[in-house]
Ligand SMILES: [Zn+2]
């Protein structure tokens, strides 16, 4: 089992869009989630990053357990079919559909394979429970030796991407530090600081929790060197350090994706490659789905040798993780 066989299905009325939870073709589609696209008039199905009629499907019941998928197109409805001889899939006229065009859907309990850390936030001396609303305030250090604005590597607008984490879980509400927190609410504070001179060209940031005295918690000693984020513990706050010299040569989009990635850690999301052997991560007992680093996620760990699996915004995978962690 790997990410290419997992789908997130979104209903648009009586039509459905099937999102591949894994990469099918990063070379042509870049860092985006891929939708399954039907072809008009018998063409081969493909993956697309652009929603349109060809990426929508109607699902009709054939037998009790089986469904027929018809691609919605401007001219005809074509049924998705498998081949009896190999694993190829193709489109046939729905009138000619046979058993190989009947599909069985298996609902996957996503909480069994997601990658998020244990521990919780502690606000006013109390652990936040799953299902409670949390207001998170982003505090930027903007002066002194730890300023995030050193050498104009980053601007305020780069940090407002943080708001992309809103709307994915009803319990997570991000506020920039100049916005108003509802009265009577104590926010959980995520502090972001800059580190000027660390520059190995490979590491761009680190997210560490804070303990009850506000001290930054050290990374887990047993941790794999990749995963130095003190995950699994209770956090009274978070400190994100951005390595500005490493970020400097990157594109604006890439810099922003790294801020989003570190904020994902601040929300206790782990790398898609992490498993319970390296951290307190809930992982797939069904076969290492998340070990492939193929899922489209802002939480992919970028290898030194390329970024073709990297995503630039929170994805369906990230939304499911966030909801499984925080409700
Ligand atoms: Zn990371």
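The values are calculated or read from the model by the stated rules, or taken from the named source; none is laboratory data. If you're wondering where the values come from, they're calculated on a predicted model, not measured in any experiment. Note: ideal-geometry Cβ built from the backbone for every residue, glycine included; neighbour counts use all protein chains shown.
Quick notes on this one:
This table checks each residue for (1) more than 16 Å from the ligand (Cβ to nearest atom); (2) free of Cβ contacts under 8 Å to residues at least 12 places away in the same chain.
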| residue | (1), (2) |
| --- | --- |
| 158 | yes, no |
| 162 | no, no |
| 166 | yes, yes |
| 188 | yes, no |
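- Qualifying positions in segment 229-262 - closer than 18 Å to residue 218 by Cα, within 15 Å of the ligand (Cβ to nearest atom) and modelled with pLDDT of 90 or more: 238, 239, 240, 241, 242, 243, 262
- Of everything in segment 208-224 that is farther than 14 Å from residue 270 by Cα and either modelled with pLDDT of 85 or more or within 16 Å of the ligand (Cβ to nearest atom) (or both), the residue that is surrounded by the fewest Cβ atoms within 10 Å (Cβ to Cβ) is 213.
- Condition check for residue 205: within 16 Å of the ligand (Cβ to nearest atom) and within 24 Å of the chain's Cα centre (by Cα): yes
- Qualifying residue in segment 101-120 (condition: more than 22 Å from residue 265 (Cβ to Cβ) and at pLDDT 95 or above): no
- Criterion: touching a strand residue (DSSP E or B) at 6+ places or on another chain (Cβ under 7 Å), within 24 Å of residue 12 (Cβ to Cβ) and modelled with pLDDT of 70 or more - qualifying residue of 56, 24: 56
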